[in-house]
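The values are calculated or read from the model by the stated rules, or taken from the named source; none is laboratory data. Treat the numbers as computed from the prediction; the structure is a model and nothing was measured. Reconstructed Cβ throughout: ideal geometry from the backbone, glycine too, with neighbour counts over all protein chains shown. Note: accessible area is taken over every heavy atom of the protein model, side chains too, but ligands, DNA and RNA are not part of it. Shrake-Rupley method; radii C 1.70, N 1.55, O 1.52, S 1.80 Å.
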Number of protein chains: 2
Amino acid sequence: MGNYVNSKDTGLRGVYVANTGISMIDETAGKLFYRGYLISTLTKYSTYEETAYLLMHGKLPVREELERFSSDLKSERKIPSEVLKFMMQIPKESPPMDVLQSTISILAHYDPDIYDQSKEAHYKQSIRIISKIPTVIAAWDRIRKNMRIVEPTDNLSHTENFLYMLFGQRAPANIEKCFEVAMIAHAEHSFNASTFAARIVASTNAHVYASIVAAIGALSGDLHGGACYQVMKNLKEIGSPDKVERWVIDKLANNKKISGMGHAVYKTVDPRVKILDKCIRLLTENIEDYKYYQMIKLIEKYTRREVKKLRGVEIYPNVDLYSAVLYNLIGVDCDLYPALFALSRSVGWCTHIIEQKYPDPPLKPVLYRPLADYKGLYYGPDGGKYIPIDKRRG
Amino acid sequence: MGNYVNSKDTGLRGVYVANTGISMIDETAGKLFYRGYLISTLTKYSTYEETAYLLMHGKLPVREELERFSSDLKSERKIPSEVLKFMMQIPKESPPMDVLQSTISILAHYDPDIYDQSKEAHYKQSIRIISKIPTVIAAWDRIRKNMRIVEPTDNLSHTENFLYMLFGQRAPANIEKCFEVAMIAHAEHSFNASTFAARIVASTNAHVYASIVAAIGALSGDLHGGACYQVMKNLKEIGSPDKVERWVIDKLANNKKISGMGHAVYKTVDPRVKILDKCIRLLTENIEDYKYYQMIKLIEKYTRREVKKLRGVEIYPNVDLYSAVLYNLIGVDCDLYPALFALSRSVGWCTHIIEQKYPDPPLKPVLYRPLADYKGLYYGPDGGKYIPIDKRRG
């Protein structure tokens, strides 16, 4: 029998399941590093493309490498007309994450390298997916609103181009900047549920699309990528700052989770909070008058106070509490927030899929195959004997 | 820091990650139980529908329950015309598992209960998925061959109807019987990679379709559901029984895996082997003349001998070695074998998704969030300092 580390259903909390060289979370210090660089360093100095290169290739690029990488991304932005046609056929009320999952799965049918198991083909497929996800999201938001689809343009960066395709015009410079910062801050986060799902699928030797499609499914859940959407739904439900305290107390009394508070890994404030907080302040002239900002501060304050009182433990805000408010300021519909998360995280997923299939130093890739602790009877009802149907007890 | 059980990339082998009441593998005795019933009991006495009911509801049904369940499955066989239209648009050479992944993802857009988080809605969605997978597979095989799509019929059982839709006419009785046995034997197998992926996605609160789509992705890999397809490709590549010995020796000398041999969990012969072996014999008049059967027996013999010689360990055949030959006898194209696996396993996946979201006894469902052991430098190249691009070393 195996190691009995985890005989309860604890979701593998605190269990190391693999090695990685991609990112590190110092959960006590509240620090997040991509390839040895603090995310605060990257959000301050770097771009989304450069950060993507860093994640995928393990080092910051020289100018030529970055130009080549950015140009590769640009050249893959368009999606085949057959896929756009499909998107125009699906019901307009379909949730954006479901549409993203279907569409990325369909894009696999049009990738000429789908059978190629080489590392190079995996990079190519990854570039295509990272580049096409923004196009799919923007196209879907316009299709469902009966608006003209805006084609990608080569003149803009990865994140600028997304906002351009979404809004049909360039966003103001400070919004473009803050959106890029948010995308850098969400690009990678080690073995969260979506990345873990992608790695498990990749471990069977499935292709990049199949693995990304699994990750999108995981991200769609409201305990993961759906949490920032849930935060905004909560803010709208609460309505005003004076009602936050009562709402928090009621939620906790009913043993409900407060979206945006607490984290499976961090034992202190999520380092992305400070970065997004700064962006929100940058985009808001009179921060004291901005209702949603006041409300998340109060959610934080009262949840900390009440959780301390009820359970005697500290609880801290996480990235979703702040990204919800930032995305609202940027002007994105709230049911699209999880899709923005996917847009950013696609680079982390692809990097993990490649690491899973081509581990460095070259180890043999391993199929995930854990055990489950069976809690039933060895031999079932009636000693496992098959009782003919008409003699069974109801 | 967490429990350091697994500082190497071992794919969680031998690690218990959760509790389950659905199935049990006795890896030493080589026994597989669904809800406390040996699979040999179920393949002998039960039907696919009854086994599906047992898995999903934890007990064998009384007549009324079985009739209701079978009738619910029958009523959900058809797929919306919009989805068939989509299938007719995708490139004919797309791999069946990719098509299945896309199509199930698209079916989510047409499920009226997609937002419903109740346990009942999860059962409903599960029934729809289990019932529609055969329709999608059969339709795709006919679409890609430019043949008329055969609509499902209410007069046949779940597995009979699939063969009818696939072949355009009823299969002979012994083929129908053996196919049903194979589908019962593949219906559930605890925490393999596809089931695990489905549970991780479900643990985020994602819906049943999103989770099943992840499972299909995992099953598509040749280290998982793709293995039986790989076995048939190997048999065709080898060509004749007299070439098996050389082929096995060469493969092992090149450190390659022999598909159909060895298992991540069983420490003896996979119990499904005996069941499928019997089916193959039942469908073959002169078994001594049946080339592929002779070849898998020789693959088993020489792989055991050589692995023992090279590594000093025993290796045993697994289900894929035999299912490949059985599916060939049934007359299914070999690139469709993994899809047959999905057809059967869909019931196991759905049951695990429901168990994950509604654990019994009612525990709080837990999001999967393991840790990864970061092997890079805490502060990266240049101490994690951001060097301006033109000053970087190439």
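A few comments on the model shown:
- Entries of A:257/B:132; B:78/B:297; B:124/B:145; B:145/B:267; A:59/A:357 with Cα pairs more than 30 Å apart: A:257/B:132; B:78/B:297; B:124/B:145; B:145/B:267
- Label-point distances for residue A:169 to the equivalent site in the other copies, using a point 7 angstrom along Cα→C-beta, read 6.7 nm when ranked shortest first.
- Prolate/oblate/rounded label for chain A (Cα gyration tensor, a/c 1.5): rounded
- Comparing the full protein assembly with the isolated chain, the residues of the range A:58-75 losing at least 50 square angstrom of accessible surface (1.4 Å probe) are A:62, A:63.
- Exposed loop sites, defined as GluC sites (Glu not before Pro) outside DSSP H, G, I, E and B with at most 15 other Cβ atoms within 10 Å, are absent from the longest region of chain B, namely B:94-284.
- Split the accessible area of chain A by element, probe 1.4 Å, and carbon with sulfur accounts for 51%.
- Of the listed residues A:190, A:40, the order by accessible area with a 1.4 Å probe, largest first, is A:40, A:190.
- Most mobile of A:139, A:121, A:218 in a GNM of chain A (Cα contacts under 10 Å): A:121
- Shown here for the range B:78-181: chymotrypsin sites (Phe, Trp or Tyr not before Pro) in loop regions (DSSP other than H, G, I, E, B) with at most 10 other Cβ atoms within 10 Å, namely B:115.
- Accessible area expressed per residue, the protein assembly as shown, with surrounding protein chains retained (probe 1.4 Å, Å²): 38
- Copies compared at residue A:59 - label distances in nm, ascending, label defined 7 Å from Cα in the Cβ direction: 6.6
- Under 17 Å from a label point set 7 Å out along the Cα-to-Cβ vector of residue A:75, the amide N atoms of the range A:151-173 belong to A:153-156, A:158.
- Candidates per chymotrypsin sites (Phe, Trp or Tyr not before Pro) in the range A:325-394, loop by DSSP, up to 16 other Cβ within 10 Å: A:378, A:379, A:386
- Solvent accessible area, Å² - residue A:316, 1.4 Å probe, full protein context: 50
- Interface area, B with A, accessible, probe 1.4 Å, both sides summed, Å² nearest 100: 10500
- Remark: label point of residue A:242 defined 7 Å out from Cα along the Cα-Cβ vector; separations to the same position in other copies 9.5 nm, ascending.
- Contact residues in the range B:164-195 by the 50 Å² criterion (accessible area, 1.4 Å probe, full protein complex versus chain alone): B:191, B:193.
- Where rotation carries A onto B, the chain A residue whose Cβ is nearest that axis, in whole Å: A:214, 2
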